[in-house]
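Participant: Below is one structure. I have some questions about it.
Only the coordinates and a few stated rules stand behind these numbers; no lab work does. Note that the coordinates shown come from a computational prediction; the quantities given were computed from them, not determined experimentally. With ideal geometry, Cβ positions are generated from the backbone for all residues, glycine too; neighbour counts draw on all protein chains shown.
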Amino acid sequence: MSIPESDARRQGRRAPARSGVDIGGRLALDGAVRALVCLSLVLSGLGCSRWLYPVTERAASVSVLPTGDGWHIALHRFPPASGATPRHLPVVVCHGVTSNRRNWDLTDRLSFPAHLARAGFDVYVLELRGSGVAGRGPLFGGPPPQYTLDDYATVDVPVAIEAVRARTGAPAVHWVGHSMGGIVMYVYLQRIGGDAVRSVTAVGSPPYVLLQSRTLAEAVDLLPVAGFFFDTLPVGLLSEAAAPVAWPSRLPEQHLLWNDANMEPATARALAAHGTHGISVGVMEQMAASRDGHLRSADGAIDYTAGLAGVRTPIFFVAGSVDHLAPPATLIEGYRRLGAADKRVEIVGRANGYRDDYGHIDLVMGRHAPDEVYPLLAEWILRHD
Amino acid sequence: MTEAGRGRGPPRRAALVGLGAALAGCAGGRPRPAARSRQAWGPPDAPTTVALVPTLGFGPTVFDLPGVGGLAPALARAGHRVHALPGDDEAGLVERLRGLRDGGRRLVGIGHGWGGAQILRALAAGAALDALVLIGAPLAFGGEQRAVQALWARRPARWGDLPAPLARRLLTVGLPERVRRPLLDHATAPLAPILDRWQRRAAGRVVPAPDAELDILARFAGPTLCVSSPTDALFPPHVCDPAAFGPPLPRVEHRLVAPVDGVALRYGHLDLVAHPAARSTLDPIFEAWLAEHRAPSGAPQAGLLLESEPVRR
């Protein structure tokens, strides 16, 4: 006599085994249901997260420019606010790794370009190749899908700086970069150089690699595996799908991004939905390749960390006290190595009088960033204008 | 060395001490430190002897606060013989460490903050240890943190003389008041001379520069565990992690105490040894590392390797 499954559970007994055909059919059905659930979750995540966490465009205009090697860059302009004291030089603001313009401009309050525009600056937010509206290369017959920091620094950045100088008639620009946005400027200053950049503000931009966190070290170890499967890491897709669970951080890896206590949940989710982009494996591998900590050109011939000694452009290194992607030690090392006499380093954290300890992204998008970090950066730029 | 007690006292006694302290607090007075802090824990015949050296201005109580406990009894429970040495006798530290040598038993030094730097200097002065654990211990000195500059400017004789908000900012992130207050009351070691020395070491630098302690660590023949917290306002990772100053040192392991590496709480300088939560989160790290390095390393009573070059950049 067969016993219904529910009765068997009540009696503490195991239900008799089903026939092979039954089990196979059940497993196939389970698998199909699970696949459908997963698919709908992913699709809803992809489709809904941008709708769930909407953002608006604030830039007055957008220009998409060819780089000459098959890619494009984008410049989003924030003109000086009416009535503000006009400043001498324009400011170019550059996003970090796997990000886009939203890195610096998310909401009315969380927008450093808007902050600078209110202070009278003509501001251009740069999107490097493959990011935001700069877009991907053509699917077929386009340039090689992989690119490196060197491509950013020697092709994209010069195009952006020359375009801004041409439009404004200014002899030079101020450069503000977050994370990789500062690193590309370290490379530009060594590979291109010249007088086109008056000052640099490097926010959470490590001039050398220090894997203090074991979680980060383990993630870096996985890069070769990812590189085997992808030319472009699909970080944007994953981030969009995971936007609803972007805050609070439940996994150690999430703490690489920000200090939860210093991020508004809505900011974290909107940033995950709109501010993340896929990136070439070549860039990631170049940033993580060096085990002695030194950042080098993709062919290994140029040591960009050591080369800072020859840079004479003023640089302001800004570090988050609990930033694990760009630990304070790396920014301090950049300060030590920089050849310029005019330089500054600041660790943004409680021990230096700030309202909270800052991680990597909250340096720009943190709860207190508009009150504490934006004025700090603007003061440096003003002093060099 | 004076030994005020062996093994753990009955829980009732600890409870009475805590009750007395609480009553003193209710009466309007500050709880008075015990006349003599306990200085040794654990079985005298344990195979490993651990020497604890406290950070600036603190005494042995930081390792075993009455009614709360601490790192010292936790290590004793793990089977080690534990001695807490004074933090204000750097000149005598070499002799004190020599005095703890007993036959072939392993001697491990654990230094918290300034105490870790003191152990390194003792190694340079001829002390010998089999292994070393540095908890928030500086290898470089500078004045980059404004909270530290404020500490120098005020130059308190003892920690208890600082305004509570500044002391909190410097020492803790989330240490419960029931622990922080009595610890500060027990922190009666002179602080001002150490601050003067620290300030001289910093030498007006904008950023910390690696100093002799890093070279000593590079030359230490035994294994070392460095532990630091990014929310430690006194000695954060950028002055505690040898890799911050150059290639990682071969015998040194650095562990970050932060949520990013699975430690749920954020720890300040004092929290690293005194926070009750450290017993379940940090002590297992220390214990696992000590167990891992329990086997004779082939370099018993390790001193300094003479052939190593300085590693300062």
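Participant: Count the net charge of all other residues whose Cβ sits under 12 Å from the Cβ of A:Ile192, scoring Lys and Arg as +1 and Asp and Glu as -1. Show your work: numbers first, answer last.
Facilitator: Numbers: positive: A:Arg191; negative: A:Asp150, A:Asp156, A:Glu162, A:Asp195.
Result for the neighbourhood of A:Ile192: -3.
Participant: Between A:Trp51 and A:Asp108, with labels modelled 7 Å along Cα→Cβ, what's the label distance in nm to one decimal, could you check?
Facilitator: That separation, rounded to one decimal, is 2.6 nm.
Participant: So, counting K/R as plus one and D/E as minus one, what does the shell of residues with Cβ under 13 Å around A:Phe317 add up to?
Facilitator: -1
Participant: How far apart, in nanometres, would the label points at A:Asp231 and B:Val206 be if each is projected 7 angstrom from Cα along the Cα-to-Cβ direction?
Facilitator: 4.4
Participant: Where does each of B:102-108, B:112-118, B:253-259 land if you order them by average Cβ count within 10 Å, highest first?
Facilitator: Answer by packing, highest mean first, reads B:112-118, B:253-259, B:102-108.
Participant: Also: Report the FRET efficiency, 1/(1 + (r/R0)^6), for B:Ala192 and B:Ala125, where r is their Cβ-Cβ distance and R0 is 35 Å, rounded to 0.05.
Facilitator: 0.90
Participant: To the nearest 500 deg cm²/dmol, what mean residue ellipticity at 222 nm is calculated for chain A from DSSP H runs of n ≥ 4 alone, each contributing -39,500 (n - 2.57), summed and divided by the residues? Walk me through the numbers before you get to the answer.
Facilitator: On the way: 14 runs with 143 residues, N = 385.
Helix-only estimate at 222 nm: -11000 deg cm²/dmol.
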